[in-house]
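Structure first, then comments.
The values are calculated or read from the model by the stated rules, or taken from the named source; none is laboratory data. Here the structure is a predicted model, which means the values were calculated and not measured. Reconstructed Cβ throughout: ideal geometry from the backbone, glycine too, with neighbour counts over all protein chains shown.
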2 protein chains.
Amino acid sequence: MTTTFFTPVQSGIKEVEALMRTQVDANQHPDLKAALDHLMSAGGKRIRPTLGLLVGHMLGGNHEKLVILGGAVEMLHTATLVHDDLIDGALLRRGTPTLNARWSPAATVLTGDFLFARAAKLAAEADYLPLMKLFAETLAIIVGGELTQMFAAHGSLNRENYYQRIFAKTASLFEMSTLAAAMISTEDESIRAALKAYGHETGMAFQIVDDILDYTGDQGAVGKPLGSDLLNGLVTLPAIYYAEGHPDDPDVRAIPEGGWTDNERVARLVGRIRASDAIQQAMAEAQAHVERALQILEPFHPSTERDALDELARYIVDRSF
Amino acid sequence: MTTTFFTPVQSGIKEVEALMRTQVDANQHPDLKAALDHLMSAGGKRIRPTLGLLVGHMLGGNHEKLVILGGAVEMLHTATLVHDDLIDGALLRRGTPTLNARWSPAATVLTGDFLFARAAKLAAEADYLPLMKLFAETLAIIVGGELTQMFAAHGSLNRENYYQRIFAKTASLFEMSTLAAAMISTEDESIRAALKAYGHETGMAFQIVDDILDYTGDQGAVGKPLGSDLLNGLVTLPAIYYAEGHPDDPDVRAIPEGGWTDNERVARLVGRIRASDAIQQAMAEAQAHVERALQILEPFHPSTERDALDELARYIVDRSF
């Protein structure tokens, strides 16, 4: 798979990764050092720092500060993944064993905390108070969202809850990346607001597509069974659309009352959701977010970076990552 | 027990506690809200915010910012306790059940993360970048210390390791409280350095006394069995002094090779340490830290706050909290 929107930031991303590696002290215990190195390097597509670098460069921002921002955002993201895997009891992520699978919960908790601490320290190194505030607020939103998800009634078919959840889980950090990059690069409030909105739209689209892939994805690539969200009591957009279209389906009606704990019932429901037009409806909603993101970019002067942001937005609904 | 050094900051501490409570949103799940309220209110002596308020008021600093600092420091402290209890598997702290005893590890991890996030958000609200940097650095030191402790060889009789550990565990946050309060209150670098050193000395003394109480304390008040540190492979100052004085004691020689896992051996050793002069030697070392703290205060103009800081330092070696 060749994606070209990474091209303009390829060297910037390498700098972000090098910066992240410097956060691992040489005098740490070899096991810990190995785990941190692994976490830092096995890091997916670096979509969050890519967003920041593209936005910042489009607006002529300071490259060094944008690299620091990218490192802080990606380390914050990595920290939340480490704690998430512990919370979910996940043993694999992207096909490789999680820290949680190989270590004690205690070591996993502390490694996540360490990444939080270093992410905050990096954010502080940008020497820009509004960035620190945004960083702290975003961390509070992400953790608050996870807590709500844990304490909220499982199996809830509520659309509003869903949007709040995916904002906290994904869109908040996308939004932080683009807004912080804009704040570093321009004083113009309308430009900042526009790029914040671009991050929001792409983040919402990204998570909706992620949730669709839980129903339609290649099991091997996704690394978990189809419908695993629903099996965990997590109702995502495809299930919400299906429920709205089939309010009398007994399996749908059972979900809020704990039906998600019944494997057979969930398997049946997942099959019906996949065969329904709920998947297309959810995808159309993701597509609408992408369209709004593209509209936001339109007034900006054409540039390599604007083109890349355009392409990145389109890629979100067309990806398998 | 009446302690008077709290008197000058009594109303300030109430403000700190009120500020901490505002960090718990009303729309949180009742169980979570109850747990957070409990964590925020069952908070010991508030020694860290007391340090900041006394130092800041002595130097004529802005009260509102000092209250924010106090809230951030105390929430950071609370967050580390929540994760510590999870890591240690502790079921009681100060005689009350920990979150860990009543909740799933997942909920405990997230509640700690939530407190971290809110502490960072509070720190950012002081609108002062150096404070945020200090906050991030201190968090990194604390977590780094816990990681080192987890990965380091247990039963190590190394004095340097011990000092590094108690700095990371306790003195770093004491030092942050006094330094940050000084930074908020004065531009004078020598005054800042002096109060940073005061925080360092009192913090080191505090943890040394804490470690002594693990050998000598009233079991009921401490809430854990005597010698529990050594039983966990944690060699503290009394054991280090004893080992230095009795290098040929076979129980001492066995400790680095895993002897701390042998309950009978540890019980015997704890008894011998208690009966030796190691306890007095460790206490004299704590006392020396206190003396240095008092010397640091000497050049400052007499004031209620200076007297209280004096008293606080003396109280550390004379306490049972």
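Note on region A:271-301: residues that are in a helix (DSSP H, G or I), without any contact (Cβ under 8 Å) to a residue 40 or more places away in the chain and of a type in the set (S, T, N, Q) total 2.
For region A:151-163, residues that are surrounded by fewer than 18 Cβ atoms within 10 Å (Cβ to Cβ) and assigned to a helix (DSSP H, G or I) total 5.
Residue-wise test of (1) in contact with a Lys or Arg (Cβ under 8 Å, 6 or more places away or on another chain); (2) more than 26 Å from A:GLY271 (Cβ to Cβ).
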{"site": "A:ARG165", "(1), (2)": "no, no"}
{"site": "A:ALA168", "(1), (2)": "no, yes"}
{"site": "A:PHE174", "(1), (2)": "yes, yes"}
{"site": "A:MET183", "(1), (2)": "yes, yes"}
{"site": "A:HIS200", "(1), (2)": "no, yes"}
{"site": "A:VAL209", "(1), (2)": "yes, no"}
{"site": "A:ASP214", "(1), (2)": "yes, no"}
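Within region A:144-158, the set of residues being within 7 Å of chain B (Cβ to nearest Cβ) and touching a residue at least 60 places away in the same chain (Cβ under 8 Å) comprises A:GLU146, A:MET150.
Of the candidates B:LYS133, B:LYS169, the single residue that is modelled with pLDDT of 90 or more, more than 15 Å from the chain's Cα centre (by Cα), more than 17 Å from B:MET75 (Cβ to Cβ) and part of a helix (DSSP H, G or I) is B:LYS133. Taking the conditions (1) more than 8 Å from every other protein chain (Cβ to nearest Cβ); (2) touching a His at 6+ places or on another chain (Cβ under 9 Å); (3) hydrophobic (A, V, I, L, M, F, W, C); (4) surrounded by fewer than 21 Cβ atoms within 10 Å (Cβ to Cβ) in turn, A:ALA119 satisfies each one other than (4). Taken over region A:100-116, the criterion of being under 20 Å from the mean Cα position of the chain (by Cα), of a type outside the set (S, T, N, Q) and more than 7 Å from every other protein chain (Cβ to nearest Cβ) is satisfied by A:GLY112, A:LEU115. The single condition from (1) closer than 30 Å to A:ALA267 by Cβ; (2) surrounded by fewer than 23 Cβ atoms within 10 Å (Cβ to Cβ); (3) in contact with a helix residue (DSSP H, G or I) (Cβ under 6 Å, 6 or more places away or on another chain) that A:ASP249 fails is (3).
Yes/no matrix, rows are residues, columns are (1) under 19 Å from A:THR178 (Cβ atoms); (2) over 19 Å from the mean Cα position of the chain (by Cα):
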residue: A:ILE279; (1), (2): no, yes
residue: A:ALA286; (1), (2): yes, no
residue: A:ARG306; (1), (2): yes, yes
residue: A:LEU309; (1), (2): yes, no
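Listed by position, the helices (runs of 4 or more DSSP H) enclosed by region A:1-75 include none that has at least 1 residues that are of a type in the set (Ser, Thr, Tyr) and in contact with a strand residue (DSSP E or B) (Cβ under 9 Å, 6 or more places away or on another chain). What pairs can you find where one residue is in region A:171-184 and under 19 Å from A:ASP210 (Cα atoms) and without any contact (Cβ under 8 Å) to a residue 12 or more places away in the chain, the other is charged (D, E, K, R) and surrounded by fewer than 24 Cβ atoms within 10 Å (Cβ to Cβ), and their Cβ atoms are less than 7 Å apart, with a gap of 6+ or different chains? Matching pairs, first to second residue: none at all.
Please verify whether region B:43-54 includes one or more residues that are over 17 Å from B:THR170 (Cβ atoms), in contact with a helix residue (DSSP H, G or I) (Cβ under 7 Å, 6 or more places away or on another chain), touching a residue at least 60 places away in the same chain (Cβ under 8 Å) and of a type outside the set (Asp, Glu). Looking for residues that are over 17 Å from B:THR170 (Cβ atoms), in contact with a helix residue (DSSP H, G or I) (Cβ under 7 Å, 6 or more places away or on another chain), touching a residue at least 60 places away in the same chain (Cβ under 8 Å) and of a type outside the set (Asp, Glu), one finds at least one in region B:43-54, hence yes.
The set of residues from region A:123-141 being touching a residue at least 60 places away in the same chain (Cβ under 8 Å), within 21 Å of B:GLY112 (Cβ to Cβ) and either facing chain B (nearest Cβ under 8 Å) or of a type in the set (A, V, I, L, M) (or both) comprises A:PHE135, A:LEU139. The listed residues are A:ASP318, A:ASP277, and the only one of them that is modelled with pLDDT under 95 and either exposed (fewer than 15 other Cβ atoms within 10 Å of the Cβ) or of a type in the set (Phe, Trp, Tyr) (or both) turns out to be A:ASP318.
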